[in-house]
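Each remark here refers to the structure printed beneath this line.
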Amino acid sequence: MAAAAAVVLCRPRDPTFELISISLSTFHFWPLAALDIGLTLTVHATNPNVLPMRYGPSTVSILDGDAHLGTACHDTGEQPATSCRLLHLPACLDGVELAHHARSILVDSTHRHMELDMAVEIAGEAAVFFWSRHFSVRIDSHIIIDPVLLRSLSRRTAPRCSSTSPDYAGLLLGIS
């Protein structure tokens with residue numbers, strides 16, 4: 001019975017990622033050239049495993065409706081066991097796309113209500129002793145911000161996890 005409890009407690013589990021905030025890091029307007037806007041996305045990452053996890057590089061897409069406004073990149077990393085960490089992802093908005101959607105952005109600014117969607121897929125590996133569980137977490141976030149103050153008014157995050165290796169503990173003990 002104790003061995004079964006140890007198997008259940010130590011089996012690899014999928015991490016969680018949640019978008020916490022968006023902040024303006026750079027804003028440059030170059031007449032006749034471009035608009036350069038940099039954002040910092042703050043993501044809360046949780047590793048529930050008893051050993052560290054590794055994850056690969058990923059790219060966050062920032063969308064306004066169907067328009068791709070910019071991207072944020074996350075490098076390969078590792079997170080300690082049973083820990084939470086804030087990841088600060090630098091993002092760059094595409095000045096040309098912003099110019100194409102300037103009218104709707106200005107309207108949103110006057111109403112102080114702008115809706116953005118963000119999507120990212122983070123893949124990695126959570127290993128516990130002889131188990132190795134490859135995971136892929138897709139996070140779709142819908143955020144309503146105040147475009148004047150860049151303050152988050154509300155956010156909804158929908159993570160979807162998929163594991164690419166079998167959960168042997170769950171198969172042995174009839175749990176998932």
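Among the residues of the range 30-38, is any in a strand (DSSP E or B), surrounded by 12 or more Cβ atoms within 10 Å (Cβ to Cβ), in contact with a strand residue (DSSP E or B) (Cβ under 7 Å, 6 or more places away or on another chain) and modelled with pLDDT of 80 or more? Among the residues of the range 30-38, at least one is in a strand (DSSP E or B), surrounded by 12 or more Cβ atoms within 10 Å (Cβ to Cβ), in contact with a strand residue (DSSP E or B) (Cβ under 7 Å, 6 or more places away or on another chain) and modelled with pLDDT of 80 or more, which makes the answer yes.
With respect to the conditions (1) open to solvent by 20 Å² or more (accessible area, probe 1.4 Å); (2) in contact (Cβ under 8 Å) with a residue 60 or more places away in the chain, ASP66 lacks only one, and its number is (2).
With the condition kept exactly as written, say whether any residue in the range 136-153 is of a type in the set (Lys, Arg) and either at pLDDT 80 or above or open to solvent by less than 40 Å² (accessible area, probe 1.4 Å) (or both). Yes; the residues of the range 136-153 include at least one that is of a type in the set (Lys, Arg) and either at pLDDT 80 or above or open to solvent by less than 40 Å² (accessible area, probe 1.4 Å) (or both). Among residues of the range 70-119 being part of a loop (DSSP other than H, G, I, E, B) and within 15 Å of the chain's Cα centre (by Cα), the one that is nearest to PHE27 (Cα to Cα) is ASP75.
Condition test on VAL60, is it open to solvent by less than 70 Å² (accessible area, probe 1.4 Å) and either closer than 30 Å to HIS134 by Cβ or in a loop (DSSP other than H, G, I, E, B) (or both)? For VAL60, the condition - open to solvent by less than 70 Å² (accessible area, probe 1.4 Å) and either closer than 30 Å to HIS134 by Cβ or in a loop (DSSP other than H, G, I, E, B) (or both) - is met. The numbered conditions (1) open to solvent by less than 40 Å² (accessible area, probe 1.4 Å); (2) modelled with pLDDT under 80; (3) assigned to a strand (DSSP E or B); (4) over 19 Å from SER58 (Cα atoms) are all true for ALA126 except (4).
The values are calculated or read from the model by the stated rules, or taken from the named source; none is laboratory data. Predicted model, so just to flag it, every value in this text is computed and none were measured. Ideal geometry is used to build each Cβ from the backbone, glycine not excepted, and the neighbour counts take in all protein chains shown. All accessible areas refer to the heavy atoms of the entire protein, side chains included, with ligands and DNA or RNA removed. Shrake-Rupley method; radii C 1.70, N 1.55, O 1.52, S 1.80 Å.
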